[in-house]
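Working notes, beginning with the structure itself.
The values are calculated or read from the model by the stated rules, or taken from the named source; none is laboratory data. Being a predicted model, the structure only gives us computed values, none of them experimental. We place every Cβ from the backbone using ideal geometry, glycine too, and count neighbours over all the protein chains shown.
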Amino acid sequence: MNLKHELESRISAALTAAGAPAGSPALVAPAAKVEFGDYQANGVMAAAKKLKTKPRDLAEKVIANLDLSDLAETVEIAGPGFINITFKSDWLSQQLATAAEDERLAIAKAAPPQRVVIDYSSPNLAKEMHVGHLRSTIIGDALARTLEFLGHDVQRQNHVGDWGTQFGMLCAYLDELTEVRESKDAERVTVAKLPDLEEFYRKAKERFDTDEAFANKSRDFVVRLQSGDDAVLHTRFQFLAISLSHCQEVYDRLGATLTPDDVCGESFYNDDLPKVVADLDAKGLLKESEGAQCVFLDAFKNKDDDIQPFIVQKSDGGYLYATTDLAAIRHRIGTLGGDRLIYVVGSEQNFHFQQLFAVARAAEFAPKNVSLEYVPFGMMLGKGRKRFRTREGGTIKLMDLLDEAVKRAGELVAEKNPSLPETERDDIARAVGIGAVKYADLSQNRTSDYVFSWDKMLSLEGNTAPYMQYAYARVRSIFRKGRLSDDVTGRIALTEPAERVLAVRLLQLSETLDAVAADCLPNILCSYLFDLAGAFMSFYETCPVLKADEPTRTSRLMLSDLTARTIRRGLALLGIETVERM
RNA sequence: ACGCCCGUAGCUCAGCUGGAUAGAGCAGCGGUCUUCUAAACCGCAGGUCGCAGGUUCGAGUCCUGCCGGGCGUGCCA
């Protein structure tokens, strides 16, 4: 049951029946204060404004046309024209019973399902994954899981950087080292013998930035790559193999759902790039400027009437990520059948995506019924709110970060619960440590910058994954203590205030997931889970479960079980594990 | 210079298409373990929502201007 949706549709209908324009939204939201009941509808005031009538008069008419007697205890007009609704406890109990019987907690599957193509993680394979890749991977994975649970057909796309200048640079640098070694009659340098890809990249980049001759050699290697030089391609392939296996290790450690099957890198589109440019030309969108092939759209005109070009082919004939991204759009729509394309990419790429989408529309690569969504996130910042930059060193490798998180969590578990067997403690440490890292990121609105902090990330107090995991473990503890199986059956009766608060929270999962899916904002789910955990904690403090008399005992056991399942499900959608004890 | 984003409690942040007296978490202060895990719970304190105008029954939310910060802006991705 989706409480909000149910009220929204009924009240909107009543609004129309009362004379408001068709489609007037009821603007239903959870009540701002407990005194107002459970939910409130704010749409009457806006509709009254259009009708030029008094809001309270309209509210009277709406209520006259509204029959909520099956679910509402009271429906009241308050203030300037709010409609406040309080649910019947019996009705809430029924809804909970329905949810309890269902593996999916009575969350309906989307009808019809959409084919959602979601681009996330997408690291540059020329170097190791570092904390800068964390946000895209974590946020994208949570969105993929959530959309999938809602019944959509999700296609993950790991658009890895496996082509272009950076690989020319790496191959050129390796070639240079090889030449030097060979002249000294030393052992041949191969990719497989590189101890540290990150370090290798750093040195190559340094050469590239400081030595013009080397930069030119790198560009020459890019040309050789593009013209299909076997030797260079082979070297590149070796780099890729190492880098991809490293990425997969990180995904496995992180508990991301990405697999090698989801990898569809830049090079995949190589053959299509000339066609993209030719098709843009055929549409009359292509224009040469300073030797480069560009698309100029009026939408990107500045005040001086200059248009910011979207460059799709360089003056030397090479292609750019703009070209690749256009090819990817066509592939994702044409071949993968996407109805909705989502890009989880840092907000600094805002302008690029504005241009990309505009050009894709103009060239009719993306029909109107396909939604193109840029899901930006704020930067990863270090101490002093300064930006992380790979080239400047000091970057924390993702794997090291995860290991550190698990280690710290392990120490904490050992301290808080020394009696746990070591193997179980390791499992808990992993779930808590990785969960803490993910939750710290997901719980914040993705659009704001993210200040990386060991302390905050690993502090296991307050609004954190461990708080939720602890709430879950507490519920499970009740069942363990009572030597009960999970499938308790009976009636749920909501008598105590804490029970009622918990009940309404439990029933809000559906509308929460809809909101997450609509706006690609996982923090809404975090916020919900935190409220739910809080509601359970209050219930737990004031309502004894095992010691209660029947039928209250059974009722509370059912509430507890439903809470545990809701938390477990919610955390799973965020990619966070639960543990039975901690 | 232009474009986009941001500015909310001491700190880190929520605030859903404009809604009722702006909310959490840390940190601070004060209470709660012979009773289902105190990684918890309950309470107190803490605000000119950057500044100034405007739109209206109503603005943290929308519009304009300013101040402050970040990112981006033709051949890297």
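Points to keep in mind about this one:
- Remark: pairs (first residue in region A:539-550, touching a residue at least 24 places away in the same chain (Cβ under 8 Å); second residue within 7 Å of RNA strand B (Cβ to nearest atom) and part of a helix (DSSP H, G or I); Cβ separation under 8 Å; 6+ apart in sequence or on different chains) = A:540/A:474; A:545/A:478; A:546/A:478; A:546/A:481.
- Strands (runs of 3 or more DSSP E) enclosed by region A:1-115 - at least 3 residues per element that are aliphatic (A, V, I, L, M) and free of Cβ contacts under 8 Å to residues at least 40 places away in the same chain: A:72-78
- Looking only at residues of region A:1-20 that are buried (at least 19 other Cβ atoms within 10 Å of the Cβ) and over 23 Å from residue A:92 (Cα atoms), we find that the one that is farthest from the chain's Cα centre (by Cα) is A:18.
- Sub-7 Å Cβ pairs linking a first residue in region A:315-328 that is closer than 12 Å to residue A:269 by Cβ to a second residue that is polar (S, T, N, Q) and crowded, with 17+ Cβ neighbours inside 10 Å, at least 6 apart or interchain, are A:319/A:313; A:323/A:313, ordered by first then second residue.
- Residue list for region A:366-387, filter: without any contact (Cβ under 8 Å) to a residue 60 or more places away in the chain, buried (at least 17 other Cβ atoms within 10 Å of the Cβ) and not hydroxyl-bearing (Ser, Thr, Tyr): A:366, A:370, A:372
- Number of the condition not met by residue A:560 [criteria: (1) among the small types (Gly, Ala, Ser); (2) within 27 Å of the chain's Cα centre (by Cα); (3) within 9 Å of RNA strand B (Cβ to nearest atom)]: (2)
- Scan of region A:32-52 for residues that are near RNA strand B (Cβ under 6 Å from one of its atoms), under 18 Å from residue A:88 (Cα atoms) and modelled with pLDDT under 95, ordered by number: A:36
- Filtering region A:528-546 to residues that are more than 6 Å from RNA strand B (Cβ to nearest atom) and loosely packed, with under 15 Cβ neighbours inside 10 Å leaves only A:542.
- For region A:500-527, a residue qualifies if it is near RNA strand B (Cβ under 10 Å from one of its atoms) and of a type in the set (Ser, Thr, Tyr), and the qualifying residues are A:512, A:527.
- Subset of region A:347-378 (residues that are touching a helix residue (DSSP H, G or I) at 6+ places or on another chain (Cβ under 7 Å), more than 18 Å from residue A:519 (Cβ to Cβ) and within 13 Å of RNA strand B (Cβ to nearest atom)): A:355, A:356, A:358
- Any hit, region A:566-573, residues being surrounded by fewer than 23 Cβ atoms within 10 Å (Cβ to Cβ) and either assigned to a loop (DSSP other than H, G, I, E, B) or within 11 Å of RNA strand B (Cβ to nearest atom) (or both): no
- Any chance residue A:493 is buried (at least 19 other Cβ atoms within 10 Å of the Cβ) and among the small types (Gly, Ala, Ser): no
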